[in-house]
Every structure is written in structure tokens, then in C-alpha cells.
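**Q** Have a look at this one before I ask anything.
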Amino acid sequence: MRKARLFLWFAAATAIAVYGALNIYQRGTVPRTGDDERQKTAEQVAREIVTGEFDLVGSDLEAVSDTDFRGNWLLVFFGFTHCPDVCPTTLGTIALIMDELGPEAERMQPVFITVDPERDTPEVIGSYVAAFHPKIVGLTGTEQQIAAAAKSYRAYYARIPLRDGDGSADDYTMDHSAHIYLIDPDGIYATVFSPADPIGTILKTLRARMAAQAEN
Ligand code: NI
């Protein structure tokens, strides 16, 4: 999706999360505090609505569901292999994060879920993600399976016909939200990143979350 739209979506999602948090304040169940506290409360709201469930198909045609990854941290990203900009850039960012994480990368599993199952067959998505990093798992499925997965992440996507379409199988593109979700080893939503976040910031957050979880 185009960057301007991406930022609009991220801004909208953030606004919704903050709005939800503010509603809680107004009901008086949470004391009014500073920005850090507000951010935490927005994450609590997201934790309740992002269930992170999926039942999809891997590049080897085997069924893959979110429960298969328990015990690992997940970085979940929705997109499609024909995406001209945000998806390849984001997968490049995720590959770099995996390399930079060092030994901690063992407990980190990146998952790329297509929103374009018509073109992204198991074989197509498998070879696409492999070009970025060997550890990234590419998942596809039926339209219904993809819709259910996107719903559980509150991810948006839409099929957009191309104006100069020639009626071929390729005369459409996909619009989609571009958050990178962090899911903890228990399958619980931890936080979300924007592909525009600096890699150093994402790495710092990942290490802090992983260290805090290891202490518990
Ligand atoms: Ni994209």
C-alpha cells in the first residue's frame, strides 16, 4: 500500500486505541496519569481485541495455526508478494532485525500472512519469504481463512482493481494495514510496530520485552 495511506492507517489505529483508553479514563476505572501510562493502557485495550488466532496453510501445504508457535515470540505481518513497496521493505526490516537479535533470534519467529491468497499460493509465498530470511514463515489459505486471521489481528485489507486493468488475473492490487505485531510466547498480543519505526527502536523494545518475560 502507498506510504501516505499506511501512515493514515497507523494514525487511525493509534487514535482508536487511545480513544479506547480515554473512554476507560472517563469511566473512572483507571486513574488519569502521564503519557507512559496512557500508552500502557492503549496496549491493554489492544490486548483484549487482538486475539492473534489463525488457521492457515504453510509453503509445504501443511496446516499451520497460531498454537503451533507457543513458546516462541512472533512478529506477524500481513501483506502480499505483488506489493511494490511496503511489504518488501518491511520484510527486509524484519530480516535485519533477525540478524541483529543474535542468540535471541532463536526465540523469535517472523510470520508473513498473505492477504492475496489468489496469487500467493503456498509455493509462491514460500519462495518469496525465503528470499528475505530463512526463518520467516510465509502463510496463505482460503479466502475465509485469510479473512478470519486478519479479523483476529484487526488487520485491514481490500482488493483494489487497477484502472488500466486488462482483465487478466493480475489487474488488481491489494490495500492493507502494515503493522508488525509482536505476540508473546503465550500467544498474547504484546505490542505493535510501524514499518516506519527505526530498527534500533524496534530492537530495543524486543530485547526489553524478551528480558522482562524471561524474568517472570
Ligand atoms: Ni504491502
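**Q** Just one of the numbered conditions (1) more than 12 Å from the ligand (Cβ to nearest atom); (2) open to solvent by 10 Å² or more (accessible area, probe 1.4 Å); (3) not basic (Lys, Arg) is not true of His82; which one?
**A** All conditions are met except number (1).
**Q** So which residues in region 128-140 are open to solvent by 20 Å² or more (accessible area, probe 1.4 Å) and either at positive phi or touching a Phe, Trp or Tyr at 6+ places or on another chain (Cβ under 9 Å) (or both), if there are any at all?
**A** Tyr128, Phe132, Val137
**Q** Among the residues of region 100-127, count how many are assigned to a helix (DSSP H, G or I) and open to solvent by less than 10 Å² (accessible area, probe 1.4 Å).
**A** Selection size over region 100-127: 2.
**Q** Among the residues of region 144-165, which ones are at pLDDT 95 or above and open to solvent by less than 50 Å² (accessible area, probe 1.4 Å)?
**A** Matches in region 144-165: Ile146, Ala147, Ala149, Ala150, Ser152, Tyr153, Ala155, Ala158.
**Q** Check Thr89 against each of (1) buried (at least 20 other Cβ atoms within 10 Å of the Cβ); (2) assigned to a helix (DSSP H, G or I); (3) among the β-branched types (Val, Ile, Thr) and name the one condition it does not meet.
**A** It fails just one condition, (1).
**Q** Here's a follow-up. Looking only at region 192-216, filter to residues that are small (Gly, Ala, Ser) and touching a residue at least 40 places away in the same chain (Cβ under 8 Å); which one of those is surrounded by the most Cβ atoms within 10 Å (Cβ to Cβ)?
**A** By that ranking, first place goes to Ser194.
**Q** Taking Asp55, is it in contact with a strand residue (DSSP E or B) (Cβ under 9 Å, 6 or more places away or on another chain), open to solvent by 70 Å² or more (accessible area, probe 1.4 Å), touching a residue at least 40 places away in the same chain (Cβ under 8 Å) and more than 16 Å from the ligand (Cβ to nearest atom)? Step through it out loud before you land on a result.
**A** Numbers: in contact with a strand residue (DSSP E or B) (Cβ under 9 Å, 6 or more places away or on another chain): yes; open to solvent by 70 Å² or more (accessible area, probe 1.4 Å): yes; touching a residue at least 40 places away in the same chain (Cβ under 8 Å): yes; more than 16 Å from the ligand (Cβ to nearest atom): yes.
Answer is yes for this residue.
**Q** Report the residue count in region 85-111 for those that are within 14 Å of the ligand (Cβ to nearest atom), within 14 Å of Leu203 (Cβ to Cβ) and either of a type in the set (Gly, Ala, Ser) or touching a helix residue (DSSP H, G or I) at 6+ places or on another chain (Cβ under 8 Å) (or both).
**A** Of the residues in that region, 1 qualify.
**Q** Of all residues in region 166-191 being open to solvent by 40 Å² or more (accessible area, probe 1.4 Å) and of a type in the set (A, V, I, L, M), which is nearest to the ligand (Cβ to nearest atom)?
**A** Ala169
**Q** Filter region 47-66 down to residues that are of a type in the set (Gly, Ala, Ser) and part of a loop (DSSP other than H, G, I, E, B) and give me whichever is farthest from Gly138 (Cα to Cα).
**A** Of all residues in region 47-66, those of a type in the set (Gly, Ala, Ser) come to 52, 58-59, 63, 65.
Checking which are part of a loop (DSSP other than H, G, I, E, B) leaves us with 52, 59.
Numbers: Gly52: 16, Ser59: 7 Å.
So the residue we want is Gly52.
The values are calculated or read from the model by the stated rules, or taken from the named source; none is laboratory data. Computed from a predicted structure; not experimentally measured. Virtual Cβ from ideal backbone geometry, glycine too; neighbours counted across all protein chains shown. Ligands, DNA and RNA are excluded from the accessible area calculation, which covers all protein heavy atoms including side chains. Shrake-Rupley method; radii C 1.70, N 1.55, O 1.52, S 1.80 Å.
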